[in-house]
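Right, one structure below, let's go through it.
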Amino acid sequence: MAAMLYLPRLFVYHAALPAGSPQGETFKVMERRLAKAIMLPGMIATWVFGLTLAVMSGAYTQGWLHAKFALVLAMSGIHGWLSRLLKDFAADRNTRSPKFYRVLNEVPTVLMIGIVILAVVKPF
């Protein structure tokens, strides 16, 4: 989860730099390492352990889990989109402003809050 919060922040700083700058190359390395070493394994583990727990506990028939599943699916979509944006930065093809990435940085936070509330409160 931390990587999903940190990668868009790196994009904010990277988008403010000119293409091909030495600092931009450093950001490319940081972004790639973050995505490959932390973000991807974390997403895989989330799905494996989450589905295992849902099946073992029998909670897969409850409405709150369906809502949580939808939010986790949205989080996975954001993960995929961040991976696509990472490829754009790696090829120096970013066309978006730092402000766009500041807003994008808040999306995983909002999704995480919803996921945690559903998991703790189990409202339905």
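Some points to look at:
- The set of residues in the stretch 36-58 being surrounded by fewer than 14 Cβ atoms within 10 Å (Cβ to Cβ) and over 18 Å from Met1 (Cα atoms) consists of Thr52, Leu53, Val55, Met56, Ser57, Gly58.
- The lone exception for Ala3 - which of (1) more than 30 Å from Ala119 (Cα to Cα); (2) free of Cβ contacts under 8 Å to residues at least 60 places away in the same chain; (3) touching a Gly at 6+ places or on another chain (Cβ under 7 Å) it fails: (1)
- Meets criteria (aliphatic (A, V, I, L, M), at pLDDT below 95 and over 13 Å from the mean Cα position of the chain (by Cα)) for Ala45: no
- Condition met for Thr26 (within 29 Å of Ala16 (Cα to Cα) and of a type in the set (Val, Ile, Thr)): yes
- Candidates Ile78, Ile44 - the one that is among the β-branched types (Val, Ile, Thr) and in contact (Cβ under 8 Å) with a residue 12 or more places away in the chain: Ile78
- Test: residue in the stretch 88-101 that is within 18 Å of Ala2 (Cβ to Cβ) and at pLDDT 95 or above: yes
- Counting only residues that are more than 15 Å from the chain's Cα centre (by Cα) and in contact (Cβ under 8 Å) with a residue 12 or more places away in the chain, the stretch 25-41 holds 3 of them.
- If you go through the stretch 1-46 and pick out every residue that is assigned to a helix (DSSP H, G or I) and either in contact with a strand residue (DSSP E or B) (Cβ under 8 Å, 6 or more places away or on another chain) or among the hydrophobic types (A, V, I, L, M, F, W, C) (or both), you end up with 21.
- Test result for Asn94, under 12 Å from the mean Cα position of the chain (by Cα), buried (at least 16 other Cβ atoms within 10 Å of the Cβ) and either of a type in the set (Asp, Glu) or within 30 Å of Gly24 (Cβ to Cβ) (or both): no
The values are calculated or read from the model by the stated rules, or taken from the named source; none is laboratory data. Treat the numbers as computed from the prediction; the structure is a model and nothing was measured. Cβ sites come from the backbone with ideal geometry, for glycine too, and all protein chains shown count toward neighbours.
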